[in-house]
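**Student:** Below is the structure I would like to discuss, written out as structure tokens.
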Amino acid sequence: MSKERFEELRRQLDAVNQDILEVLNRRAELVQEIGQLKSGKGTERFDPIREKEMLDKLVAANEGPFPNDTIRHLFKQIFQASLGLQEEEKKSLLISRKNQAADTVVQVGNLKIGGGNAPAIIGGPCSVETVDQMNAVASHLSQEGVLLLRGGAYKPRTSPYDFQGLGVEGLKILSETAKKYGMTCVSEIVRPEDVEMSCEYLDVIQIGARNMQNFELLKEAGSVKKPILLKRGLSATIEELLYAAEYIASRGNSQIILCERGIRTYEKATRNTLDISAVPILKQESHLPVVVDISHSTGRKDIMFPIAKAALAVGADGLIIETHNEPAVALSDAKQQLDLNQFSTLLNQLRESGYLKDAVKA
Ligand code: PEP
Ligand code: MN
């Protein structure tokens, strides 16, 4: 073969490579567009039947010199790479930092949660029990400058024989107490059909750890115009928490506060194991505010101060602290709730060590 012919063939090969590149990328663009349509419809991206049809068509049209098996193999690689492209897109969730660089700030009354605002303190009892109990707690917390009052009315308890909460009566007591002391309130809702009704009473709707993957509840939470406090499931990964938040965001509600509340491990010294690294990871991966529940994560009062400091040091936008006027007789979580003095002591310690800035009245 002459040198000229050799060079000529190489030039042709280079040109064909360019053509393949162009065609491959054109194919990729089409795949991306199809992916977007599928995501809108919630259709699964990998479609094995469609893939088989495409391969069969290609093999039927193949005139060689490549054998059919090689054609199948090569195109399978192309399909795989295309699916990878769609996966990349999938990672760009609404709640993702990739989608929004700026922090989401969730505003509840005068309280701004996230975006570098002073840490939000969410305090109140595990359960709403009586009007007197709520008055006692709220009057104390409001004097401490706490703006967001918590209290459970629907309690997902391990035993069906334990106190289950006062239901809508509890929501009413919580809401009226919060108003009386110039506070806003948050409480857990466990049934999708209660979400809309709860908006009348609540400023923030909590989705508890045991319901983090109650997808119908998440969808319902996404359809209302109230901030949602979404707690990490007992055995949920960070990715699962983010996808749970995406369920809410995908329905149009981007006012979401993520909550690290400890996960199940073999460790028994604490009620759960506080996954402190989840805080900076969640804040890197998403633009949503992240708060730490220092009560349910630890289940013990004697380490509240160091745990609260740790949470704020890694960037938490707020803390949930269970507080009761008489923890010893509380109808749920008696062991872990701070009494009113202990609550004030903890806040003072945090203020004195510079962790609270102007979060609560100095
Ligand atoms: C609560 O905050 O009242 C509660 C039940 O917490 P969790 O869902 O995190 O267990
Ligand atoms: Mn509790």
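**Student:** When you check Lys231 against the structure, is it charged (D, E, K, R), modelled with pLDDT of 95 or more, under 12 Å from the mean Cα position of the chain (by Cα) and assigned by TED's automatic domain parsing to the domain that holds Lys155, yes or no?
**Tutor:** Yes: the conditions hold for Lys231.
**Student:** List, please: which pairs have Cβ atoms under 6 Å, are six or more places apart or on different chains, and start with a residue in segment 326-353 that is more than 18 Å from Gln143 (Cβ to Cβ) and end with one that is in a helix (DSSP H, G or I) and within 16 Å of ligand 1 (Cβ to nearest atom)?
**Tutor:** Partner pairs satisfying both residue conditions: Ala334/Pro327; Gln336/Ser295; Gln337/Pro327.
**Student:** Sort out which residues of segment 340-352 are open to solvent by 50 Å² or more (accessible area, probe 1.4 Å) and either more than 16 Å from ligand 2 (Cβ to nearest atom) or touching a Pro at 6+ places or on another chain (Cβ under 6 Å) (or both), and write them in order of number.
**Tutor:** Asn341, Thr345, Asn348, Gln349, Glu352
**Student:** Of the residues Lys301, Lys309, which single one is assigned by TED's automatic domain parsing to the domain that holds Asn110, open to solvent by 50 Å² or more (accessible area, probe 1.4 Å) and within 15 Å of ligand 2 (Cβ to nearest atom)?
**Tutor:** Checking each option against the conditions leaves just Lys301.
**Student:** Let me ask something additional. Keeping to segment 213-228, report how many residues are open to solvent by less than 10 Å² (accessible area, probe 1.4 Å) and either more than 15 Å from ligand 1 (Cβ to nearest atom) or not assigned by TED's automatic domain parsing to the domain that holds Leu274 (or both).
**Tutor:** Looking only at that region, the number is 1.
Residue-wise test of (1) part of a helix (DSSP H, G or I); (2) within 16 Å of ligand 2 (Cβ to nearest atom); (3) within 20 Å of Pro156 (Cβ to Cβ).
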| residue | (1), (2), (3) |
| --- | --- |
| Arg210 | yes, yes, yes |
| Ser235 | no, no, yes |
| Glu240 | yes, no, yes |
| Tyr243 | yes, no, no |
| Asn253 | no, no, no |
| Ile257 | no, no, yes |
| Ala269 | no, no, no |
| Asp275 | no, no, no |
| Leu282 | yes, no, no |
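**Student:** Then there's this: Just to check your reading of the model, which residue among Arg210, Arg157 is closer than 30 Å to Arg97 by Cα, open to solvent by 20 Å² or more (accessible area, probe 1.4 Å) and not acidic (Asp, Glu)?
**Tutor:** After ruling out the rest, the residue left standing is Arg210.
**Student:** Within segment 312-339, which residues are part of a loop (DSSP other than H, G, I, E, B), of a type in the set (A, V, I, L, M, F, W, C) and either within 12 Å of ligand 1 (Cβ to nearest atom) or surrounded by fewer than 24 Cβ atoms within 10 Å (Cβ to Cβ) (or both)?
**Tutor:** Selection gives Val314, Ala330, Leu331, Ala334.
**Student:** For Ile121, which of the numbered conditions (1) within 16 Å of ligand 2 (Cβ to nearest atom); (2) under 20 Å from Gly299 (Cα atoms) fails to hold?
**Tutor:** (1)
**Student:** Taking the residues in segment 121-135 that are over 18 Å from Ala328 (Cβ atoms) and away from ligand 1 (no atom under 15 Å from the Cβ) as candidates, determine which candidate is surrounded by the most Cβ atoms within 10 Å (Cβ to Cβ).
**Tutor:** So, considering only residues that are over 18 Å from Ala328 (Cβ atoms) and away from ligand 1 (no atom under 15 Å from the Cβ), the one surrounded by the most Cβ atoms within 10 Å (Cβ to Cβ) is Asn135.
**Student:** Please go through segment 262-293 and pick out each residue that is open to solvent by 10 Å² or more (accessible area, probe 1.4 Å) and within 15 Å of Ile95 (Cβ to Cβ).
**Tutor:** Ile281, Lys283, Gln284, Glu285
**Student:** Select from segment 212-233 the residues that are of a type outside the set (Gly, Ala, Ser), touching a Leu at 6+ places or on another chain (Cβ under 8 Å) and within 16 Å of ligand 2 (Cβ to nearest atom) and list them in ascending order.
**Tutor:** Passing the criteria: Met212, Arg232.
The values are calculated or read from the model by the stated rules, or taken from the named source; none is laboratory data. Only a predicted model underlies this, so the values are computations on that prediction, with no experimental measurement involved. As a convention, Cβ positions derive from the backbone with ideal geometry for all residues, glycine included, and neighbour counts pool all protein chains shown. Calculation scope for accessible area: heavy atoms of the full protein, side chains included, ligands and nucleic acids excluded. Shrake-Rupley method; radii C 1.70, N 1.55, O 1.52, S 1.80 Å.
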